[in-house]
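The values are calculated or read from the model by the stated rules, or taken from the named source; none is laboratory data. Model, not experiment: these values are computed from the prediction. In this analysis, Cβ positions are derived from the backbone assuming ideal geometry, glycine residues included, and neighbour counts consider all displayed protein chains. The area values use the complete protein model at the heavy-atom level, side chains included, leaving out ligands, DNA and RNA. Shrake-Rupley method; radii C 1.70, N 1.55, O 1.52, S 1.80 Å.
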Amino acid sequence: MSILSVNTIKSLNTNGPVFQNSSGVEKGTLCKAWVNFNAQSSGTDKTIRASFNVDSVTDIATGRFAINFTSGALADANYTFSGNVANNNGTMVTHTGVQGDGDYSTSILDIRVITSGNNEVDRFITCIQVHGN
């Protein structure tokens, strides 16, 4: 087995590096976009704490948000996403989920944060991860 130690891996294009197994088959894709934002912040544009390939998060209504991707972040709309939320004291929120809600494209992902009772809620810490091409 060989070990490669480097400080930086840089892609030749904006798609990011592709990692392959010994047969030349892509072993999986990296996270193409992610965001950690405060859904309880005031205003239409939510406060982003940290992100990658996300330009902004727009408040649609209570518990409903549009994740706006950086141009070129995703090659197509055949991606998956997941999310998690937490209270303002950092504890995870029980029985709260994130689901798709409307637009699902290379430029935008609409999400809904809901309780087990199917009520939309805004949480202090809301995190979304996107994997795909």
Task: Among 77, 119, 131 - extreme Cα towards positive end, dipole of segment 64-133, charges at beta-carbon - done: 119
Open item on the list: Leaving ligands and nucleic acids out of the surface, order 74, 30, 12, 4 by accessible area at 1.4 Å, largest first.
Closed with: 12, 4, 30, 74
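As an exercise, use a Förster radius of 25 Å and the Cβ-Cβ distance of residue 119 and residue 82 to find the FRET efficiency, rounded to the nearest 0.05.
On the way: r = 21 Å, r/R0 = 0.82.
Here the calculated transfer efficiency is 0.75.
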Task: Other-chain or far-sequence residues with amide H under 5 Å of residue 56's (modelled H) - done: 68
